[in-house]
Amino acid sequence: MVNNQTKAGVPLALLLFSFLLFAFSVENLFAQKISKCFVSSDLPDGRLYFIKPMKGFANGGNDLVFDITYKSKKDSIVFTFTYFDKKELDIDSLLFALGNKIVCCPAKKLYVDVSKSKWEYRYSANLLFSDLSAFFDQENPPKLVVAAHKEHVELHIKNKMWEKQSSIVRKIFKLIKYN
Amino acid sequence: MLVLVAVMSSCAMVSSPVMGTLYTDVKSPFAVTSNSGASKVGSAEATCILGILATGDASITAATKKAGITKIHHIDQHATSILGLFSKYEIFVYGE
């Protein structure tokens, strides 16, 4: 009797497990959970939003990882990025391509470190909310340019990655606007 | 089978005030200071797969360094775990 109950319980457990697994997959496929992509905090001097690190912009094996901080009171964005390159660079600004227009933001050095065989450049750049909003509103993948004293490095992003990334950022920016 | 049980018994646990066996997605406070105001946020994370491989630097030092924070206002943490097979621990440091 006990054995029969155990035997019946196994398929039921498997069914439940499969259902939960399916539910998680469906949720991830169809619901763009932006809550996982950012955090926010209410402070006495305004609300602070932080969009978690995102990657995708690259030039060959040289990648750029960025995160975005927005403070409602200042209405400006801090675009903090880490750029990995084998070359030694003296980065001075970051350029955002907005169609025919280029927005140039002076970059402030946070630190330079070594990561495996590459240099890890950590910088931050301030820009207007409207400018970054326009950057992520672009349908076609735009380019980012890391400008150093002696050279410029153009970074590109793949179509699919841009679609996903820009839609997440746009949604978060809408949320910021509504609040 | 015994090996599998031994491995899975230490499955990807993550620090959190509450834990779900199947799924965990919990944000919670970690620390607060008397410093006033915050305009910067720094994050750091560590991940674990199958309770076998664990990598990352989820230290406060790493998070403050990434954002250039010198005065910490408060720190939050975020724990994620799926079926105990994959887990992620993130910290968010707010400060100036």
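The values are calculated or read from the model by the stated rules, or taken from the named source; none is laboratory data. Just so you know, these numbers come straight off a predicted model, no measurement behind them. Cβ: placed from backbone, ideal geometry, glycine included. Neighbour counts: every protein chain shown.
Give the residues of region B:79-88 that are more than 11 Å from every other protein chain (Cβ to nearest Cβ) and assigned to a strand (DSSP E or B), sorted by residue number.
Once the filter is applied, which keeps residues that are more than 11 Å from every other protein chain (Cβ to nearest Cβ) and assigned to a strand (DSSP E or B), region B:79-88 yields B:Ala79, B:Ser81, B:Phe86, B:Ser87.
Starting from residues that are under 25 Å from A:Val169 (Cα atoms) and polar (S, T, N, Q), keep the ones in region A:101-136 and report whichever is nearest to the other protein chains (Cβ to nearest Cβ).
Pass one, region A:101-136, residues under 25 Å from A:Val169 (Cα atoms): A:101-110, A:120-136.
With polar (S, T, N, Q) added as a condition, the list becomes A:124, A:126, A:130, A:133.
Values: A:Ser124: 7, A:Asn126: 11, A:Ser130: 19, A:Ser133: 19 Å.
Step by step, filter region A:101-136, then rank; the result is A:Ser124.
Only strands (runs of 3 or more DSSP E) wholly contained in region A:35-99 count here; list those with 3 or more residues that are more than 12 Å from chain B (Cβ to nearest Cβ) and crowded, with 17+ Cβ neighbours inside 10 Å. Step through it out loud before you land on a result.
Working: elements: A:38-43, A:46-59, A:62-71, A:76-85, A:91-98.
Filter on region A:35-99 gives A:46-59, A:76-85, A:91-98.
State which residue is modelled with the lowest pLDDT when the search covers only region B:10-26 and only residues that are closer than 14 Å to B:Phe86 by Cα and small (Gly, Ala, Ser).
Step one: list which residues in region B:10-26 are closer than 14 Å to B:Phe86 by Cα, which gives B:10-15, B:19-25.
Checking which are small (Gly, Ala, Ser) leaves us with B:10, B:12, B:15, B:20.
Working: B:Ser10: 52, B:Ala12: 65, B:Ser15: 79, B:Gly20: 85.
Looking at residues that are closer than 14 Å to B:Phe86 by Cα and small (Gly, Ala, Ser), I get B:Ser10.
Here is a yes/no grid of residues against (1) among the hydroxyl-bearing types (Ser, Thr, Tyr); (2) outside any loop (DSSP other than H, G, I, E, B); (3) over 24 Å from B:Val18 (Cα atoms):
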position	(1), (2), (3)
B:Ala63	no, yes, no
B:Ile69	no, no, yes
B:His73	no, yes, yes
B:Gln77	no, yes, no
B:Glu90	no, yes, no
B:Tyr94	yes, yes, no
